[in-house]
Amino acid sequence: MTDIDQLLEDVAAKAPEALPFEGACLLAPASAEEVARAEAALGFTLPPLLAGLYTRVANGGFGPESDLFPLLDSVSSYLARRSGGQADGWAWPEGVLPIVDWGCYILACVDCRDDDAAVLLFEPNAALPEFAWYVDAPSLVEWLRGWLEGTGWWYCNAEEEEDMALWPYYRVRTGTC
């Protein structure tokens with residue numbers, strides 16, 4: 001068993017225990033065909049761990065705040081944002097897939113072009129778009145471990161995002177250099 005397989009098993013074990021209310025159920029996992037259609041629409045492949053979450057755990061509805069988007073919702077959000085469907089008019093970076101809505105327009109996103117699948121925090125209350133992107137976790141693995149171990153910033157009352165490093169690739173990924 002690989003480390004990723006073990007992580008997916010750990011997530012699958014915790015997911016039903018962390019549902020938002022009694023009687024809630026996990027969504028059925030996405031099929032390999034659904035992932036292939038999503039990747040075709042996106043124009044890039046999902047990181048293997050993210051694809052595994054959707055195909056081996058559930059098609060969203062688990063994770064931090066039980067809010068991982070269903071795959072189709074992530075794809076729709078990404079495509080709308082890339083086509084200029086944002087109220088603020090800011091360009092959306094290529095390959096950055098929204099996966100969780102924290103509220104107040106703040107999103108957790110996976111950088112699907114990063115080998116480690118960094119998780120980014122989009123906090124659009126900045127004056128300029130390049131200051132709205134933070135590195136939440138250097139990898140999806142670390143982000144998920146934060147959820148599993150109860151150490152992610154969302155478990156704390158402090159405003160940890162102020163301590164997060166800015167993501168340096170906004171202008172490159174949006175072609176606004």
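The values are calculated or read from the model by the stated rules, or taken from the named source; none is laboratory data. The structure displayed is predicted, hence computed values, not measured ones. Cβ sites come from the backbone with ideal geometry, for glycine too, and all protein chains shown count toward neighbours. We work out accessible area using only protein heavy atoms, side chains counted, and drop any ligands, DNA or RNA first. Shrake-Rupley method; radii C 1.70, N 1.55, O 1.52, S 1.80 Å.
Here are the numbers for the structure shown:
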item: Hits in region 102-123 (condition: of a type outside the set (A, V, I, L, M), closer than 23 Å to Ser66 by Cβ and open to solvent by 10 Å² or more (accessible area, probe 1.4 Å)); result: Trp102, Gly103, Cys104, Tyr105, Cys112, Glu123
item: Residue in region 42-53 that is touching a Cys at 6+ places or on another chain (Cβ under 6 Å) and farther than 25 Å from Gly146 by Cα present; result: yes
item: From Gly52, Gly63, Gly95, residue being crowded, with 16+ Cβ neighbours inside 10 Å, at pLDDT 95 or above, of a type outside the set (Ser, Thr, Tyr) and within 18 Å of Leu121 (Cα to Cα); result: Gly95
item: Among the candidates Glu34, Glu22, residue that is of a type in the set (D, E, K, R), more than 17 Å from the chain's Cα centre (by Cα) and outside any helix (DSSP H, G or I); result: Glu22
item: Residue within region 102-116 that is assigned to a strand (DSSP E or B), more than 12 Å from the chain's Cα centre (by Cα) and either farther than 21 Å from Leu19 by Cα or modelled with pLDDT under 95 (or both) present; result: yes
item: Odd one out for Gly175, checked against (1) farther than 30 Å from Ala32 by Cα; (2) at pLDDT 90 or above; result: (2)
item: Filter result for the condition that a residue is in contact with a strand residue (DSSP E or B) (Cβ under 8 Å, 6 or more places away or on another chain) and open to solvent by less than 40 Å² (accessible area, probe 1.4 Å), over Leu19, Leu71, Leu7, Leu46; result: Leu46
